[in-house]
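This report concerns only the one structure given below.
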Amino acid sequence: MIAATAALGSLEALLAEAGERRRLVSVTVPLELRDPSGAVFASRLAGDRWFCWEQPDRDGFALAALGSAHAVISRGPERFGDLVAACAEVTRGRLSDEPDRLPAGAGPIWVGGFAFGPDGGRAAQWSSFPPALLVMPELALHRTAGRTHLTLCALAGPGVDPSAASRRLSARLAALSEAPLPLADPHPTGEARIASVLPPGRFEESVSQAVEQIRAGQLEKVVLAREVVVEAPRAHEPATIYGALRELFASCFCFCCGSPEAAFLGASPELLVRRSGAGAATVALAGSTRRSADPAVDDHLGEQLLRSPKDRREHDIVVRRIERALRSQAVWVEAAPEPGLVKVANIQHLATPIHAQLSEARSAVELAGLLHPTPAVGGEPRDRALATIAELEELDRGWYAGPVGWMDAAEDGEFCVAIRSALLRDRTAHLFAGNGIVVDSDPEAELAETEVKLGALLPLLSG
């Protein structure tokens, strides 16, 4: 912790230098620490917001963050733009002490997410997850290729006592410890109760009604979701669930957004956008089928998916929309000529990588707002599909299927689509799964597909 102590001294000097001007102050140093997420779960306080993000198969990439040096919040149709402006204002003119050529994601970062809808998350369980929230953490840990960096942040300016800020961060560092994420410990006597919020038959009716609208020419595609609640005999433990997710879904974006009251976590296979300088990357992900433990059967299922007219039609709608959205901001946009397969633990998807060269600077948050919601979680045409979702779903998606991720001080970053996710609040877990409905969708088959998707988290929460 010698480097961490030195970082604190540098931060104190920068806070004194900042004076009365409102600006961000940050210090970044290398740190000997193996598991950023394990450190955050072991060190978080009861009143903290915290954030963990990993894609283990990508050079062990991990971000983990504690506390809030500053938070920006918005709602409504302009929420993405509001947060872009607020983040830029805070980071403009920052004072920093950091090594040269830090990797993307190291240094000061914004972490958080957005509800699916402009005013989503009105239901009581979503009370600590506003429609748009990005937090600049007081302490952030970044790891890639076995190297870890620690960043301390504070907001200087009028009304800020540098000594108090220094003491608060000193306490953060003193409490920072590394511990393995706990393993599942089933309750010795109690059993979890699992229930659909609406009867499964109601979902099938919604699919039938959506197909009628599509056949009438009102829609090309719409995504309908359902919610399942798991009541456990004791409080769900986010650290345990998160640890299992990153083991089972090492190729996915494993995330946990925590508040004092709740945690929203998941393992999403779907990249909404990754911005690196003038380059933007995304993946159109739509069309899915189950996995099999038998390799021959698994390959056969994947081949059927690649050849399925229904799934290819659903997939092509997503590719076209994403290309169209990016083309307005890019010198060029290139999509793979044919979809491939993305295989995760319990499901496989059609996936088409898409890359673009931006024509002018657009932050990761701006690009997320440009693309969200893709037809993979909304529908086509967009506005009509969103109206149909509001009419037929009868649930508050909150942050489910919204963008979750991070952006650094250079405005590079990445956001996933928060699917294969659950909201944990004490003993109650809310799980969500949705399907793309097209003209030849079968209600019974669509219901069965939601069960496959719920299978990512349901065994972890009910076992």
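The values are calculated or read from the model by the stated rules, or taken from the named source; none is laboratory data. Quick caveat, the model's predicted, so the values are computed rather than measured. Neighbour counts are summed over all protein chains in view; Cβ atoms, including those assigned to glycine, are modelled from backbone coordinates with ideal geometry. In case anyone asks, the SASA skips ligands and DNA or RNA and just uses the protein heavy atoms, side chains included. Shrake-Rupley method; radii C 1.70, N 1.55, O 1.52, S 1.80 Å.
Sort out which residues of the range 1-38 are farther than 27 Å from Ala86 by Cβ, touching a Pro at 6+ places or on another chain (Cβ under 8 Å) and of a type in the set (Asp, Glu), and write them in order of number.
Within the range 1-38, Asp35 is the sole residue that qualifies.
Quick test of your reading of the structure: Ala410 fulfils all but one of (1) part of a strand (DSSP E or B); (2) of a type in the set (Gly, Ala, Ser); (3) at pLDDT below 95. Name the failing condition by number.
Every condition holds for Ala410 apart from (1).
Which ones in the range 427-454 are open to solvent by less than 10 Å² (accessible area, probe 1.4 Å), among the hydrophobic types (A, V, I, L, M, F, W, C) and out of contact with any His (no Cβ under 6 Å at 6 or more places or on another chain)?
Within the range 427-454, Leu431, Phe432, Ala433, Ile437, Val438, Leu454 meet the criteria.
Looking at Glu393, is it charged (D, E, K, R) and farther than 23 Å from Glu220 by Cβ?
The answer is no for Glu393.
Select, from Ala132, Ala115, Ala39, the only residue that is in contact with a helix residue (DSSP H, G or I) (Cβ under 7 Å, 6 or more places away or on another chain), open to solvent by less than 10 Å² (accessible area, probe 1.4 Å) and in contact (Cβ under 8 Å) with a residue 24 or more places away in the chain.
Answer to the check: Ala132.
Go through the range 336-365 and give me each residue that's closer than 15 Å to Ala280 by Cβ, without any contact (Cβ under 8 Å) to a residue 40 or more places away in the chain and in a strand (DSSP E or B).
Answer for the range 336-365, where residues must be closer than 15 Å to Ala280 by Cβ, without any contact (Cβ under 8 Å) to a residue 40 or more places away in the chain and in a strand (DSSP E or B): there is none.
Can you name the number of the only condition in (1) within 30 Å of Ser276 (Cα to Cα); (2) more than 27 Å from the chain's Cα centre (by Cα); (3) open to solvent by less than 10 Å² (accessible area, probe 1.4 Å); (4) not aliphatic (A, V, I, L, M) that Ser96 fails?
It is condition (3) that Ser96 fails.
In the range 289-333, which residue that is touching a Lys or Arg at 6+ places or on another chain (Cβ under 6 Å) and among the β-branched types (Val, Ile, Thr) is least open to solvent (accessible area, probe 1.4 Å)?
Ile317
Can you tell which of Ser196, Ser177 is open to solvent by 30 Å² or more (accessible area, probe 1.4 Å), touching a strand residue (DSSP E or B) at 6+ places or on another chain (Cβ under 7 Å) and not hydrophobic (A, V, I, L, M, F, W, C)?
Values: Ser177 fails: touching a strand residue (DSSP E or B) at 6+ places or on another chain (Cβ under 7 Å).
The conditions single out Ser196.
Every residue in the range 153-178 that is more than 23 Å from the chain's Cα centre (by Cα) and outside any helix (DSSP H, G or I), please.
Answer for the range 153-178, where residues must be more than 23 Å from the chain's Cα centre (by Cα) and outside any helix (DSSP H, G or I): Ala154, Leu155, Ala156, Gly157, Pro158, Gly159, Val160, Asp161, Leu176, Ser177, Glu178.
Taking the range 150-159 as the region of interest, how many residues are open to solvent by 10 Å² or more (accessible area, probe 1.4 Å) and touching a residue at least 60 places away in the same chain (Cβ under 8 Å)?
From the range 150-159, those open to solvent by 10 Å² or more (accessible area, probe 1.4 Å) are 155, 158-159; that's our starting set.
Imposing the further condition that a residue be touching a residue at least 60 places away in the same chain (Cβ under 8 Å) reduces the set to 155, 158.
Residues meeting the conditions: 2.
Please find, among Val84, Val72, the residue that is under 18 Å from Leu155 (Cα atoms) and part of a helix (DSSP H, G or I).
Within the list Val84, Val72, the selection yields Val84.
Could you count how many residues in the range 81-95 are of a type in the set (A, V, I, L, M, F, W, C), within 15 Å of Glu366 (Cα to Cα) and out of contact with any Asp or Glu (no Cβ under 7 Å at 6 or more places or on another chain)?
5
Answer yes or no: is there a residue in the range 347-370 that is modelled with pLDDT of 95 or more, open to solvent by 10 Å² or more (accessible area, probe 1.4 Å), over 30 Å from Ser292 (Cα atoms) and within 15 Å of the chain's Cα centre (by Cα).
yes
From Gly107, Gly47, which residue is touching a residue at least 24 places away in the same chain (Cβ under 8 Å), within 24 Å of Gly277 (Cβ to Cβ) and either out of contact with any helix residue (DSSP H, G or I) (no Cβ under 6 Å at 6 or more places or on another chain) or open to solvent by less than 60 Å² (accessible area, probe 1.4 Å) (or both)? Let's see the steps before the verdict.
Working: Gly47 fails: within 24 Å of Gly277 (Cβ to Cβ).
Checking each option against the conditions leaves just Gly107.
In this structure, does Val230 turn out to be β-branched (Val, Ile, Thr) and surrounded by fewer than 16 Cβ atoms within 10 Å (Cβ to Cβ)?
So Val230 fails the test.
Quick check on the range 398-420. Is at least one of its residues open to solvent by 30 Å² or more (accessible area, probe 1.4 Å) and over 20 Å from Val111 (Cβ atoms)?
Checked against the condition, which is being open to solvent by 30 Å² or more (accessible area, probe 1.4 Å) and over 20 Å from Val111 (Cβ atoms), the range 398-420 yields no hits at all.
Just wondering, is there one or more residues in the range 311-321 that are farther than 22 Å from Phe116 by Cα, in contact with a helix residue (DSSP H, G or I) (Cβ under 7 Å, 6 or more places away or on another chain) and without any contact (Cβ under 8 Å) to a residue 60 or more places away in the chain?
Yes, that holds for at least one residue.
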